[in-house]
């Protein structure tokens, strides 16, 4: 037990010696800093035994007072900056909410118009409505109507092609009938004769 107490006491003494040397060196460095750079410096050190050691230039109290005032100013600036950021964020959010409300009103009007069109003409509504907004029965009905429309278009196309073909054949027949008449007009008339120079031969 005695050896343990002696060892603890030696450690405490060594710690006190190291503290005193380090404290003096630290205060010396602080003094040099204040002298060479004209800086205001304050140091406060508490030892393990509770003793207080301080160094200040011009004094610890003046430096601590200035530090406190600067901290209050910094806190005030920080609070003001945060308040400005919050106000800007709230303003931006209000703009976004207004834009969303305008879009919502537009969608409501569009939905109301589509419902009115559906009540007036369901077929027109289904053909003009977005495909992903239709129900399954509506999709089947739309498919059936599209197939019917396709058949009507094909029949109309065949009829148009047949009509154009008949017009073309009638036009060729008319040209063939006019050809002999033209040849008869070009042939010389009976009872008239003439030479190459166009004079009549007696």
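Derivation of every value follows stated rules applied to the coordinates shown; laboratory data play no part. Since the model is a prediction, treat every value here as computed from it, not as a measurement. Heads up, the Cβs are rebuilt from the backbone with ideal geometry, glycines too, and the neighbour counts pull from every protein chain shown.
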Stretchable slack from residue 114 to residue 44, in nm (0.36 nm times residue separation minus alpha-carbon distance)
17.3 nm
At 0.36 nm per residue, and after removing the present C-alpha to C-alpha distance, how many nm does the segment from residue 18 to residue 69 gain when stretched out fully?
14.9 nm
In nm, what is the difference between 0.36 nm times the number of residues separating residue 89 and residue 31 and their Cα-Cα distance?
16.1 nm
Over segment 122-169 - Rg/Rh using Cα atoms and the Kirkwood inverse-distance radius
1.27
Where does segment 1-58 land on Rg(C-alpha)/(2.2 N^0.38 Å)?
1.54
How far apart, in nm, are the 7 Å Cα→Cβ label points at residue 154 and residue 167?
2.5
